[in-house]
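Q: Here it is: the structure, laid out below.
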Amino acid sequence: RFGSRIDPNVVAVVTGFIGHNTKGRITTLGRGGSDLTATAIGAALSVDEVQVWKDVDGILTADPRLVGNAIPVSRVSYEEASELAYFGAQVLHPIAMQPALRADIPVRVKNSYNPSAPGSLIDGDGDPDRTITAITCKRDVTLMDIKSLQMLGAYGFLSAVFSQFEKRRVSVDVLASSEVSISVTLDKKQ
């Protein structure tokens with residue numbers, strides 16, 4: 001239905017960050033709105049590839065503002081791209097990958113200031129031979145350590161802890177556990 005409205009001889013350029021709310025009022029979509037719009041339209045049209053244009057040469061191995069010799073990563077999986085975005089990489093919003101993932105449509109991140117650069121390809125496979133993709137950092141997180149001998153050999157302890165997070169609508173970013181402790185990171189923005 002959507003595809004029948006598009007003239008195949010025209011290249012559509014869509015701003016992407018403007019939409020409307022449930023009341024029909026025009027609004028901006030916020031951070032990642034353009035990326036989400038691109039992947040949603042790409043999925044609706046079953047395109048061969050979605051391209052998002054940024055100010056860097058693709059997904060980089062680190063934040064170039066912090067690491068001067070960060071280099072582009074040629075290929076990453078949808079999951080890697082989403083994780084990198086969630087944990088601090090600013091090049092893409094984590095939600096933007098969802099339509100492309102569901103439709104299995106590759107997303108290429110290109111540089112509008114350096115269009116000849118190959119960019120980074122995001123697809124279902126990524127680069128299976130690569131051990132480390134990139135390093136990110138996320139600021140303003142809280143680390144919570146929970147230690148209890150009641151955990152030792154007991155069942156249901158983690159469930160009880162996470163039911164408290166659920167009750168308070170707190171999302172846990174990272175979890176590490178041992179026989180007698182749980183460490184979690186929590187986003188301060190919540």
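Q: Take the residues of region 28-51 that are part of a strand (DSSP E or B) and out of contact with any helix residue (DSSP H, G or I) (no Cβ under 6 Å at 6 or more places or on another chain): which is surrounded by the fewest Cβ atoms within 10 Å (Cβ to Cβ)?
A: Initial filter on region 28-51 (part of a strand (DSSP E or B)): 28, 50-51.
Then drop every residue that is not out of contact with any helix residue (DSSP H, G or I) (no Cβ under 6 Å at 6 or more places or on another chain), which leaves 28, 51.
Numbers: Thr28: 10, Gln51: 13.
The selected residue is Thr28.
Q: Can I ask one more? Looking only at region 139-158, count how many residues are within 17 Å of Thr185 (Cα to Cα) and not in a loop (DSSP other than H, G, I, E, B).
A: 8
Q: Give the number of residues within region 68-118 that are touching a strand residue (DSSP E or B) at 6+ places or on another chain (Cβ under 7 Å), closer than 20 Å to Leu45 by Cβ and basic (Lys, Arg).
A: 2
Q: Determine which single condition Leu101 fails, assuming it passes every other condition in (1) assigned to a helix (DSSP H, G or I); (2) farther than 16 Å from Ile132 by Cα; (3) open to solvent by 90 Å² or more (accessible area, probe 1.4 Å); (4) not small (Gly, Ala, Ser).
A: Exception for Leu101: condition (3).
Q: Consider Ala134 against the criteria (1) open to solvent by less than 60 Å² (accessible area, probe 1.4 Å); (2) outside any loop (DSSP other than H, G, I, E, B): it satisfies all of them except one. Which criterion is unmet?
A: (2)
Q: May I pose another question? Cβ-Cβ below 6 Å, separation at least six or inter-chain, first residue in region 140-151 and under 14 Å from Phe165 (Cβ atoms), second at pLDDT 85 or above and surrounded by 11 or more Cβ atoms within 10 Å (Cβ to Cβ): which pairs?
A: Thr142/Leu186; Met144/Val184; Ile146/Ile182
Q: Consider Thr15 against the criteria (1) open to solvent by 50 Å² or more (accessible area, probe 1.4 Å); (2) within 17 Å of Lys110 (Cα to Cα); (3) touching a Phe, Trp or Tyr at 6+ places or on another chain (Cβ under 7 Å): it satisfies all of them except one. Which criterion is unmet?
A: All conditions are met except number (3).
Q: If you don't mind, there's one more thing I want to ask. Quick check on my filter: what residues within region 73-91 are more than 12 Å from the chain's Cα centre (by Cα) and in a loop (DSSP other than H, G, I, E, B)?
A: Val73, Ser74
Q: Then there's this: Which ones in region 171-186 are of a type outside the set (Ser, Thr, Tyr) and either touching a strand residue (DSSP E or B) at 6+ places or on another chain (Cβ under 9 Å) or free of Cβ contacts under 8 Å to residues at least 24 places away in the same chain (or both)?
A: Val172, Asp173, Val174, Leu175, Ala176, Val180, Ile182, Val184, Leu186 - these are the residues of region 171-186 that are of a type outside the set (Ser, Thr, Tyr) and either touching a strand residue (DSSP E or B) at 6+ places or on another chain (Cβ under 9 Å) or free of Cβ contacts under 8 Å to residues at least 24 places away in the same chain (or both).
Q: Next up: Restricting to region 137-171, name every residue that is open to solvent by less than 80 Å² (accessible area, probe 1.4 Å), within 30 Å of Thr61 (Cα to Cα) and either at pLDDT 90 or above or of a type in the set (Phe, Trp, Tyr) (or both).
A: Passing the criteria: only Met144.
Q: Further question: Considering region 35-72 alone, what residues qualify as being in contact (Cβ under 8 Å) with a residue 12 or more places away in the chain and under 18 Å from Ser116 (Cβ atoms)?
A: Glu49, Gln51, Val52, Trp53, Lys54, Asp55, Val56, Asp57, Gly58, Ile59, Leu60, Pro72 - these are the residues of region 35-72 that are in contact (Cβ under 8 Å) with a residue 12 or more places away in the chain and under 18 Å from Ser116 (Cβ atoms).
Q: Within region 104-130, how many residues are closer than 20 Å to Val56 by Cα and assigned to a loop (DSSP other than H, G, I, E, B)? Can you show your working first?
A: Quick first cut of region 104-130, residues closer than 20 Å to Val56 by Cα only: 106-123, 126.
Next cut, assigned to a loop (DSSP other than H, G, I, E, B) only: 106, 112-119, 126.
Residues that pass the stated criteria total 10.
Q: Here is a further query. Is it the case that some residue within region 52-72 is within 26 Å of Leu175 (Cβ to Cβ), of a type in the set (Val, Ile, Thr) and part of a loop (DSSP other than H, G, I, E, B)?
A: Within region 52-72, one or more residues are within 26 Å of Leu175 (Cβ to Cβ), of a type in the set (Val, Ile, Thr) and part of a loop (DSSP other than H, G, I, E, B).
Q: Next up: If you go through region 72-83 one residue at a time, do you hit one that is open to solvent by 20 Å² or more (accessible area, probe 1.4 Å) and hydrophobic (A, V, I, L, M, F, W, C)?
A: No: zero hits.
The values are calculated or read from the model by the stated rules, or taken from the named source; none is laboratory data. What you see is a predicted model; the values in this text were computed from it and never measured. We place every Cβ from the backbone using ideal geometry, glycine too, and count neighbours over all the protein chains shown. Just the protein is used for accessible areas: all its heavy atoms, side chains included, with ligands, DNA and RNA removed. Shrake-Rupley method; radii C 1.70, N 1.55, O 1.52, S 1.80 Å.
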